[in-house]
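Engineer: Have a look at this one before I ask anything.
Taken together, the values in this text are just the output of simple stated rules run on the coordinates, not laboratory data. None of these values were measured; they are calculated from a predicted model. Because the Cβ atoms are built from the backbone with ideal geometry, glycine has one as well, and the counts that use them run over all protein chains shown.
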Number of protein chains: 2
Amino acid sequence: MRRKVTLLYFLFVLSACTDKTNQNTKMVNTPEELETAIKKAQAGDNIVMANGIWKDLQIKFIGEGTEDNPIVIKAETPGKVIIEGVSDLKLGGKYLVVKGLHFRNGYSPSDAVLEFRIDEKTIGNHCTVTNCVIEDFNKMQRDDTDLWVQFWGRHNTLSNSYIAGKTNRGPTIRVDLEGNESINNHHQIIKNHFGPRPPKGGASAETIQIGNSYTSMSPSYTKVANNLFEACNGEVEIISSKANFNEFRNNVFYKSEGSLVTRHGNYCTIDGNYFIGDGKNENIGGIRIINTGHWVTNNYFYNIKGKNFRSALAVMNGIPKSPLNRYNQVTDVVVAYNTYINCDSPFQFGVGQNLNQQDVLPPSEIRSARPIRTIIANNVIYNEKGDASPIVEHDKADGVSFKSNAINNQGLDFKANDGLEAINFDIKEIEEYIYIPSSKLDIEPYQGFEFENISTDLVGNPRAHNNSIGAFTYTDFKDPNIMDRSQYGPSWYMAETAVQEPKTEIVEKAENLQTKIDEAENGDIISLEAGNYDIPHSLIINKKLTIQSSDKSKVILNYSGVENSPLFQLQPKGFLNLKNIDLKGSNSQFAFASLKKNMYTHFGLTVSNCDISNFKYVLKVYKESFAERITFVNTSISNCENGLELSEETNDKGDYNTEYLTIDHCRFHNVKSNVIDYYRGGYDESTIGGNLLVTNSTFTNCGSEKRNGILINSHGIVNVDISKNTFNNNPVKLVALLWGAKNNTHGNNEFNNSGEIRVEENLEMKLMY
Amino acid sequence: MRRKVTLLYFLFVLSACTDKTNQNTKMVNTPEELETAIKKAQAGDNIVMANGIWKDLQIKFIGEGTEDNPIVIKAETPGKVIIEGVSDLKLGGKYLVVKGLHFRNGYSPSDAVLEFRIDEKTIGNHCTVTNCVIEDFNKMQRDDTDLWVQFWGRHNTLSNSYIAGKTNRGPTIRVDLEGNESINNHHQIIKNHFGPRPPKGGASAETIQIGNSYTSMSPSYTKVANNLFEACNGEVEIISSKANFNEFRNNVFYKSEGSLVTRHGNYCTIDGNYFIGDGKNENIGGIRIINTGHWVTNNYFYNIKGKNFRSALAVMNGIPKSPLNRYNQVTDVVVAYNTYINCDSPFQFGVGQNLNQQDVLPPSEIRSARPIRTIIANNVIYNEKGDASPIVEHDKADGVSFKSNAINNQGLDFKANDGLEAINFDIKEIEEYIYIPSSKLDIEPYQGFEFENISTDLVGNPRAHNNSIGAFTYTDFKDPNIMDRSQYGPSWYMAETAVQEPKTEIVEKAENLQTKIDEAENGDIISLEAGNYDIPHSLIINKKLTIQSSDKSKVILNYSGVENSPLFQLQPKGFLNLKNIDLKGSNSQFAFASLKKNMYTHFGLTVSNCDISNFKYVLKVYKESFAERITFVNTSISNCENGLELSEETNDKGDYNTEYLTIDHCRFHNVKSNVIDYYRGGYDESTIGGNLLVTNSTFTNCGSEKRNGILINSHGIVNVDISKNTFNNNPVKLVALLWGAKNNTHGNNEFNNSGEIRVEENLEMKLMY
């Protein structure tokens, strides 16, 4: 016995010594010092970046650490090392760690802000980036594609970081699998806080994409776990899994517009995640399933109102013998032990079925292959208000077996199904958003093939002793505390900033206006005294501002700027709320316009109670500019050459310029050419924007010079509603040409000498894939 | 110490007792007894089938054995239990073993002779079939599809069995992966002897198929190891791997017409196999690669003369964004440490490139995607005679890296390539077919990513200490003895039977002829004395026979059978060699015909030095009949309504009626309608048959009633050679219409008042997929 103790002691001392070998801490203050320190670094070394702002910094972190002695680059104080300007960080080698950096106010000169390789030959393995922030680090143009984090190699980790605000093209994070060096990667994306990613207005805006269709046959084994996804609204896919054997565990999807999608690849595990909706927003989805062998278990869905592609569980139809980059059939999928609280029609099958499109699409685009060998078992549905269709069959779900599922539908009848039993049970609140049945449900769980592997429930309780259907085995357990944000992201960063009380500045003279705008803080109000203001130059809007007339007094801005210049130039981050102000041009300028270039992030515009007249364009939105919302209310637009023009996204890659264009209670009079032009091109079945609402408005004597003879152009826009409007004496062939196959509607319009609204079921669109 | 010994002893006794628990041996003599015994069987039981012939036996072997105590069904004496008639064997449950059975002279009533499941719910796991034989167990018609061994479930084994003679449609063995119960299967197909599988004349005649395109995304992990494949000539694919992670190790492919093909699925290991050709037969191939991530290492290729699809290493072009069931691009493949001795152009890339077919094929059939991220390293080529093109690029191999490959090309120049170095070295014979460099080659092996995992060479020697390029690390080692057949198949069965000396029987009278035919043994000779023989009924040929005139005396068979009956009826296993005999009909019968139905296996026909006249058909081959060879030499065919008709395979699934139709030095005179009709339908790029040779023959006054105006119809036949013939006064538009894109040639023909031979590059064919 004594010998053993001695030996242990000796080993301990030895290992302690080993730990200290090569331990070397080096403070660096300049990019050059950092570069030198990296070059000299050996296993176990720490390189400490001095606090402060580092500008235009391109870090190539190459080194060979060991598991016990990694090489570390860290901030002197976590969060106090700010990286701005044209900057990026690449890692190559092994056992490298980066901690505590804050990327902001800049963009990457390369294809990625943070990349786990230097080049094709120097790839990172066993590297970790943790406790960092990347925010608003957008390229200057929306179509300048990049990634913020690009994984290569194997066994790399991104953890406890905060990432938010990407608006340019490209997934926020992508795991790449090209090359044997990057398969079987076992990367970990854990405990991060993915903050808001606003809608991009088109495809390629996932928060995480793993692989692509060309490498979708490869084993990936990427783990995405314990992350918070908050308002990740970039596109229909929050996570797009395109490789095999990925795991998605215990993530919280909080009010995020989109779904977790197994887009390509097979045999993924989606276990123990929370999908929290707001009970209203139909863009907030759940899990969408394509391909083979996925297991969807122990997930919790609350207040999900998404439909079809965005339903809580959307199981798609595939294309028979699908091309590599399209939709494979769903086979061998298991959806078991999930709980759905107040979700609308949570189970949808044959999603994407488009047999009625056979006339306009080639056979290789027709999704007619229904799911097969798929099991839906041991799930629980609770509806506060009964749901007539908890199961929606877009195509027959004859390849799906339902076993031991239960629903409390408040007694409301629903389409009968053998494996979904109506039973009565109460629920109780465990914490905000989390409700569970108050007592164990009296349904014996179905024991499918390998169901014994679902050995624990959502909160980790073992199923062996007290198994019951639904995500939670026991009716009592510790709060999971899913919205405790301290669990996600960096220790030093709080995403939420205190809301400041807006200040109101009074302006009386035109010459003070731009100065006051420049001085204003985000969210402030500029109030104009009554009178006429001569504005000779564009007013630059690059923050959130309300500009209004004080006390509804009459204010007129007379714009005398040069031809084709805008009265209000809407720059990135420029959100203008204009109220009770009249705008007048001299027929050659624009009332509002985005920048022609470098709209590196979004703008926004709301106009209410304004009279706008004598402009060449009321609104001109240039290519690659995007606003989540553009709204005109109670506003008159008259005697203009053109009205609202958002039609430059003609690449036909699915992009468009605003998510919501809303016109309500407006009056258009004598707008000659383009009255409303809002364009999205490209056939992409999964894009579900934009949105055009034209209601309660009048159009008189408009469109006289409109070349295509359509007053309101909404080509390719998915959601259109034109109703309760009056069209008088507009010399056009059509008021609108609507796309019947999509969500285009109209009604209660009055037409006097003004053409008509025509609906075509299938518009011919350019195929995107 | 003493306590330990005691404990061990106790454990030993205990385990010995456990072994004997449930041990119970039951002899069964009838199907009913067998059924009862199976029903009663418990773990550890042995059921012994009594020696003898068991007819029409359908065994459903359901039971629950354990790893230590399987349930066993075995022959009283291995090989003495013969199963005949309409019989099959299905296993369901676990740890079941079947030993020593011999299936022959019958066929399965179901989809498989041996199947590792009873039905969808009762699947076999951990089951083993060993020491068995299945031979000539064909369904009655070629298109009656079945399998001889069908794998389902997991961890099942077929070992030490002999399987030969399948001629009907369907792979000999197939591993199925439909359903989660059958993925990750880890099946083992080991130490079997796969005897001759003759060419089927069309697709679906693999010896082993693992998965199918619809489950090709699934992980399989099937291991095919230490088997002998001998004359497995069924179709172009000996093994068709269509799932992920399969292993092919240490198999011997001996003079087998076809290749080991990674048809679908990815990440297979092909390690340590021997591919032995005969130095002549261009149908004997090697490894054909499609898809991603395969490792081809330590393989040995000898005397492989296959080209293109059948070259020693054929790396295919893919279809961009291929449909699921077509050709994916090759990516991330490693071909390392292989040795090629006397192989013609062993490295072929872009195989299947068909850009010149763009006019006749849809884009989804055009293989234009070249291999990428593919490494060819550390391989050795030795050519006794220099090869001008050791590397053939059907399309640019710009995505392939060549590293540290060596060639002894006997000084002959070849197209230079950076990674293939000409060096001088000798080889020495280790055993028949196995040659290795006499001394270590002076080339440092390339160390690619994960090459350290190729840790041993073909014969298991470690590479760590003495690594060198090529399949063999050391220049001295024990003979691998690959052709020692006792290593493969059952202990009790010898595939080779002693060749008997043929007997010759003399026949003088017509009425004795059928009797003598019936009495003859396989291979015997029947010799007819000179004279005229009146034959009123068809002569039945169901064995291998030579029928000849003795000493070239004049023999005439006058056939007076009924209309549409054949003089010689060629039944399954009927191989007729007819020499020096004249055949004469009365214009309404056939000279030779197969059966209309139930041609459950092949026939054959050779006719030499015969005069054939006054028949309605000289040869009529019915649908689903197949002969490997049909040959007419020095024979005259005259005054017949039709000549040789092999054109009933009109399903257009790639099938045809003979592999080789050879006409040499023959004379066709006054054959009115179909002179030679030989048909294959369906576009199938991987089928490379049939073969039509028409040489040194004359055709006079033929085709007067030929409806399509083509004298020699060879629609869809891949290899055609029409040369050195004379065509006189044949009133047809075309003598032949040849398919330029395939191997169709003609030359040195003489045409007098007889139409012409036209070549069309691309024939329009029905797509098979």
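Engineer: Given charges of +1 on the Cβ of Lys and Arg and -1 on the Cβ of Asp and Glu, with all other atoms neutral, how large is the dipole of the protein assembly as shown about its Cα centre, in debye to the nearest 20?
Structural biologist: Details: 154 positive and 184 negative charges, 214 e Å.
The calculated dipole for the protein assembly as shown is roughly 1020 debye.
Engineer: With charges set only on the Cβ (+1 for Lys and Arg, -1 for Asp and Glu), what does the dipole of region A:285-495 come to about its Cα centre, in debye to the nearest 20?
Structural biologist: Numbers: 18 positive and 24 negative charges, 144 e Å.
So the dipole magnitude of region A:285-495 works out to roughly 700 debye.
Engineer: Follow-up question, since we're still on this one. Convex hull volume of the Cα atoms in chain A, per residue, in Å³?
Structural biologist: Working: hull volume 141.3 nm³, N = 769.
Per-residue hull volume (Cα only) is 184 Å³.
Engineer: Oh, and also: Using a 10 Å cut-off on Cβ to Cβ distances, tally the other chain neighbours for every residue of B:180-191 and report the average as a whole number.
Structural biologist: Details: counts 13, 4, 1, 5, 1, 0, 0, 0, 0, 0, 0, 0.
Taking the mean over all residues of the peptide, I get 2.
Engineer: Normalised by the number of residues in region B:43-142, what is the relative contact order in percent for Cα pairs under 8 Å and 6+ residues apart?
Structural biologist: On the way: 279 pairs, mean separation 26.8, N = 100.
Relative CO of region B:43-142 lands at 27 percent.
Engineer: Could you give the C-alpha radius of gyration of region B:254-365 expressed as a fraction of 2.2 N^0.38 Å, taking N as the number of residues it contains? Intermediate values should be presented prior to the final figure.
Structural biologist: Working: Rg = 14.2 Å, N = 112, 2.2 N^0.38 = 13.2 Å.
Against the empirical 2.2 N^0.38 Å value, I get 1.07 for region B:254-365.
Engineer: Helix-only mean residue ellipticity at 222 nm, the protein assembly as shown, DSSP H runs n ≥ 4 weighted -39,500 (n - 2.57), per residue, nearest 500. What is it?
Structural biologist: Working: 6 runs with 78 residues, N = 1538.
It comes out at -1500 deg cm²/dmol, rounded to the nearest 500.
Engineer: State, in angstrom, two size descriptors of region B:681-769 derived from its alpha carbons: Rg to one decimal place and Dmax to the nearest whole number.
Structural biologist: Rg, Dmax (Cα atoms, Å): 13.4, 42.
Engineer: Quickly work out the residue A:562-to-residue B:748 label distance, labels modelled 7 Å from Cα along the C-beta direction, and quote it in nm with one decimal.
Structural biologist: My value for the distance between the label points is 8.5 nm.
Engineer: So, one more: Sorted from shortest, what are the nm distances separating the label point of residue B:651 from equivalent points in the other copies, each placed 7 Å from Cα along Cα to C-beta?
Structural biologist: Computed spacing set for this position: 5.0 nm.
Engineer: For A:494, B:316, what ranking results if the residue with the fewest other Cβ atoms within 10 Å of its Cβ goes first? Please list the in-between numbers first.
Structural biologist: Working: A:494 11, B:316 31.
Fewest-to-most ranking of A:494, B:316: A:494, B:316.
Engineer: Counting only DSSP beta bridges with both residues in the protein assembly as shown, what percent are antiparallel, rounded to the nearest 5? Each step should come with its number before you reach the end.
Structural biologist: Working: 17 of 468 bridges.
So the antiparallel bridges amount to about 5 percent of the total.
Engineer: Please give me the summed charge of the neighbours of residue B:723: other residues whose Cβ is under 15 Å from its Cβ, Lys and Arg +1, Asp and Glu -1. All intermediate terms of the calculation are to be shown ahead of the outcome.
Structural biologist: Details: positive: B:724; negative: B:664, B:721, B:750, B:756.
Combined, the nearby Lys, Arg, Asp and Glu give -3.
Engineer: Percent relative contact order of chain A, based on C-alpha pairs within less than 8 angstrom and at least six residues apart?
Structural biologist: Once normalised by length, the contact order is 6 percent.
Engineer: Follow-up. Distances from residue B:444 to the same residue in each other copy, label points 7 Å out along Cα→Cβ, in nm, shortest first?
Structural biologist: Going from nearest to farthest copy, the values are 6.9 nm.
Engineer: For residue A:587, what residues show an amide H to amide H distance below 5 Å, using hydrogens built from the backbone and excluding near sequence neighbours?
Structural biologist: A:615, A:616
Engineer: In percent, how large is the relative contact order of region A:523-760, given Cα pairs closer than 8 Å and 6 or more residues apart? All intermediate terms of the calculation are to be shown ahead of the outcome.
Structural biologist: Working: 779 pairs, mean separation 26.9, N = 238.
Contact order relative to length: 11 percent.
Engineer: Amide H to amide H, which residues 5 or more places from residue B:592 or on other chains are under 5 Å from it, using H placed in the peptide plane?
Structural biologist: It is B:567, B:568, B:619, B:620, by chain and number.
Engineer: Additional query: Along each principal axis of its Cα atoms, how long is the protein assembly as shown end to end? Whole angstroms, biggest number first, please.
Structural biologist: Rounded to whole Å, the extents work out to 132, 100, 77 Å.
Engineer: Using the Cα atoms of region B:508-760 to build a convex hull, what is its mean projected area in square nanometres?
Structural biologist: Details: hull surface 50.2 nm².
It is 12.6 nm².
Engineer: While we're here: Can you pull the mean other chain C-beta count within 10 Å for peptide A:315-325? Mind dumping the intermediate values first?
Structural biologist: Details: counts 0, 0, 0, 1, 2, 4, 9, 5, 8, 11, 3.
Other-chain Cβ atoms within 10 Å of each residue's Cβ, averaged: 4.
Engineer: So which lysines can residue B:672 reach, going by Cα to Cα under 19 Å and dropping same-chain residues fewer than 8 places off?
Structural biologist: Answer for residue B:672, where 19 Å is the Cα cut-off: B:584, B:616, B:620, B:706, B:733, listed by chain and number.
Engineer: Which pairs, out of A:579/A:724; A:516/A:543; A:516/A:579; A:509/A:543, put more than 19 Å between their alpha-carbon atoms? Let's see the in-between values first.
Structural biologist: Details: A:579/A:724 24 Å; A:516/A:543 12 Å; A:516/A:579 17 Å; A:509/A:543 21 Å.
Violating the 19 Å limit, Cα to Cα: A:579/A:724; A:509/A:543.
Engineer: To continue, here is another question. Assuming 0.36 nm per residue, please report the length gained on full extension of the stretch residue B:68 to residue B:440 beyond their Cα-Cα distance.
Structural biologist: 129.2 nm
Engineer: Count neighbours as other Cβ atoms within 10 Å of each site's Cβ, and list the trypsin sites (Lys or Arg not before Pro) in region A:453-518 that are DSSP loop with at most 14 such neighbours. Spell out each step's value before the answer.
Structural biologist: Working: sites: A:463, A:478, A:485, A:503, A:509, A:516; in loops: A:463, A:478, A:503, A:509.
When the trypsin sites (Lys or Arg not before Pro) of region A:453-518 are filtered for loop state and at most 14 Cβ neighbours within 10 Å, A:478, A:503, A:509 remain.
Engineer: Still on this structure, please answer the following. What span do the alpha-carbon atoms of region A:717-769 cover on each of the three principal axes, reported in whole Å from largest to smallest?
Structural biologist: 42, 20, 13
Engineer: Under 19 Å between alpha carbons, and skipping anything fewer than 8 positions from residue A:255 in its own chain: which lysines qualify?
Structural biologist: Correct list for residue A:255: A:166, A:191, A:200, A:280, A:305, A:307.
Engineer: Now for a different question. Please give the charge dipole size of region A:487-564, origin at the Cα centre, charges +1 on K and R Cβ atoms and -1 on D and E Cβ atoms. Round to the nearest 20 debye.
Structural biologist: Working: 7 positive and 13 negative charges, 37 e Å.
In total the dipole reaches around 180 debye.
Engineer: If you fit an axis through the alpha-carbon atoms of helix B:2-20 and take the longest principal axis of the Cα set of chain B, what angle between them do you get, 0 to 90°, nearest 10?
Structural biologist: Approximately 30 degrees, to the nearest 10.
Engineer: Pull up the DSSP beta bridges for chain B and report the antiparallel fraction as a percent, rounded to 5.
Structural biologist: Values: 8 of 233 bridges.
Close to 5 percent.
Engineer: At a 10 angstrom cut-off on C-beta neighbours, averaged per residue, how do the peptides A:731-743, B:226-238, B:752-764 rank from highest to lowest? Display every interim value, and only then the final one.
Structural biologist: Working: A:731-743: 18.8, B:226-238: 25.2, B:752-764: 14.7.
Ranking, from highest mean packing down: B:226-238, A:731-743, B:752-764.
Engineer: By how many degrees, between 0 and 90 and to the nearest 10, does the Cα long axis of helix A:31-40 differ from the longest principal axis of chain A?
Structural biologist: 20 degrees
Engineer: Counting other Cβ atoms within 10 Å, which trypsin sites (Lys or Arg not before Pro) in region B:268-348 have at most 10 and lie in a DSSP loop? Display every interim value, and only then the final one.
Structural biologist: Working: sites: B:280, B:288, B:305, B:307, B:310, B:321, B:326; in loops: B:280, B:305, B:307, B:321, B:326.
When the trypsin sites (Lys or Arg not before Pro) of region B:268-348 are filtered for loop state and at most 10 Cβ neighbours within 10 Å, B:280 remain.
Engineer: Given all pairs of different Cα atoms, what value in angstroms does the Kirkwood hydrodynamic radius of region B:361-459 take? Intermediate values should be presented prior to the final figure.
Structural biologist: Values: mean 1/r = 0.0635 Å⁻¹.
It is 15.8 Å.
Engineer: Can you pull out the GluC sites (Glu not before Pro) in region A:557-639 that DSSP calls coil and that have at most 15 other Cβ atoms within 10 Å? Walk me through the intermediate numbers first.
Structural biologist: Numbers: sites: A:563, A:624, A:628; in loops: A:563, A:624.
Here the sparse-neighbourhood loop sites are A:563.
Engineer: Continuing with this model, one more query. Mind listing the phi-derived Karplus ³J(HN,Hα) values for region A:536-541, rounded to whole Hz, using 6.51, -1.76 and 1.60 with θ = phi - 60°, and x for any glycine or proline?
Structural biologist: Listing the rounded values in order: x, 10, 4, 8, 8, 10 Hz.
Engineer: How far is it, in nm, from the label point at residue A:764 to the one at residue B:359 when both lie 7 Å from their Cα along the line to the Cβ?
Structural biologist: Going from the residue A:764 label point to the residue B:359 one covers 2.7 nm.
Engineer: How far is residue B:622 from the same spot in each other copy, in nm, shortest first, if each label point sits 7 Å from Cα toward Cβ?
Structural biologist: Those separations, rounded to one decimal, come out as 8.1 nm.
Engineer: I want to check the label-to-label distance for residue B:707 and residue B:729. Put each point 7 Å from Cα in the C-beta direction and report it in nm to one decimal.
Structural biologist: 2.7 nm
Engineer: Still on this structure, I have one more. Apply the Karplus curve 6.51 cos²θ - 1.76 cosθ + 1.60, θ = phi - 60°, to the phi angles in region A:348-360 and return the couplings in whole Hz, x for Gly and Pro.
Structural biologist: These are the phi-based 3J(HN,Hα) values: 10, 10, x, 4, x, 4, 9, 4, 6, 9, 4, 6, 9 Hz.
Engineer: Which log10 I(q)/I(0) values, to two decimals, does region A:285-495 give at q = 0.11, 0.12 Å⁻¹ under the Debye formula with one point per Cα?
Structural biologist: -0.55, -0.65
Engineer: Report the local net charge at residue A:597: Lys and Arg +1, Asp and Glu -1, summed over other residues whose C-beta lies under 14 Å from its C-beta.
Structural biologist: Net charge in that neighbourhood comes out at +1.
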